[in-house]
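The values are calculated or read from the model by the stated rules, or taken from the named source; none is laboratory data. In this text the structure is predicted, and so the values were computed from the model without any measurement. All Cβ positions, even for glycine, are placed from backbone atoms using ideal geometry, and neighbour counts span all protein chains on display. What goes into the accessible areas is simple: the full protein's heavy atoms, side chains included, and nothing from ligands, DNA or RNA. Shrake-Rupley method; radii C 1.70, N 1.55, O 1.52, S 1.80 Å.
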Amino acid sequence: MAVAVAARRDAELDAVVAEIRGQGGRAIAVPTDVARWEDCATAVQRTVDELGGLDVLVNGAGVMLMARIENADPQEWVQMMEVNVLGSMFLAKLALPHLLERQGAVVQLSSAAGRVARVNTSGYCASKYAITAFCESLRQEVGDRGVRVIVLEPGSTNTDLRFSITDEEVLAAVSARSATIEQLEADDIADVVVFSLTRHPRVAMNELLFRPTQQNW
């Protein structure tokens, strides 16, 4: 196994790389701001140069900046579109020549918020609907050439994503609701990624929605 880990936070990158290497894998850390085309181009090129190729792109970068529309900071909408949508689009485009060469796969981590819009979630949901639409178009363009496009839509998950919410009232509401259920864990997401990628090449899990058993929203 060889993995290039790309993100903005150096300490977290180094920790993941150390864990992979500790389990006998190969890994490199690639500091990347996915909202910057140049960073994405460097990340893809370093992966190919240092690891010998690119078989799977997993797009997982995202921010969740929720607020009521009347209270929303437009710059937060811009940030979500840059990170959640354009970052994934940039990386998919840059990786595509390599994925076509190897008949690889794109795994896009989206959200249940890409299926159902609710109050306080307008910008975030818009970004998730957008990336699902992009991936469906990508699927139609490259599926007949052997590239699988997989969109995974997890529900409430126990990560630090919600702590990017700057609206204190909305953050409190999201945190309170999350505390009422047993959320998905990062390992659950990883299991679904591996499951999707290890199906027979003729099978593409194009869009897979999964939530905590107790989640009723």
Result for segment 1-95: accessible area per residue, probe 1.4 angstrom, in square angstrom, of 55
Relative to the chain, whose Cα atoms define the longest principal axis, helix 168-178 and its Cα axis are tilted in degrees, nearest 10, by 70
For segment 121-175, dividing by residue count, accessible area per residue (probe 1.4 Å) in Å² works out to 45
Rounded to the nearest 10 Å², the accessible area of LEU171 using a 1.4 Å probe with every protein chain kept is 40
Counting only backbone N atoms under 14 Å from a point 7 Å out along Cα-to-Cβ of ARG145, the residues of segment 98-114 in range are 98-106
Counting only protein heavy atoms and leaving out ligands, DNA and RNA, the solvent-accessible surface of ASP187 at a 1.4 Å probe, in Å² to the nearest 10, equals 110
Only helices counted: for the chain, with every DSSP H run of 4 or more residues adding -39500 (n - 2.57) and the sum spread over all residues, [θ] at 222 nm is -14000 deg cm²/dmol
Reduced to Cα centres, the span from segment 148-217 to segment 1-66 in Å works out to 20
Per its Cα gyration tensor (rounded if a/c is under 1.5, else prolate when a/b beats b/c, else oblate), segment 48-121 is best filed as prolate
Here the longest stretch of the chain that holds no trypsin sites (Lys or Arg not before Pro) in a DSSP loop having at most 10 other beta carbon atoms within 10 Å is 10-201
With Cα coordinates, the longest principal axis of the chain makes an angle with the long axis of helix 122-142, in degrees rounded to 10, of 30
Cα-based Rg and Dmax for the chain, in Å, come out at 17.3, 51
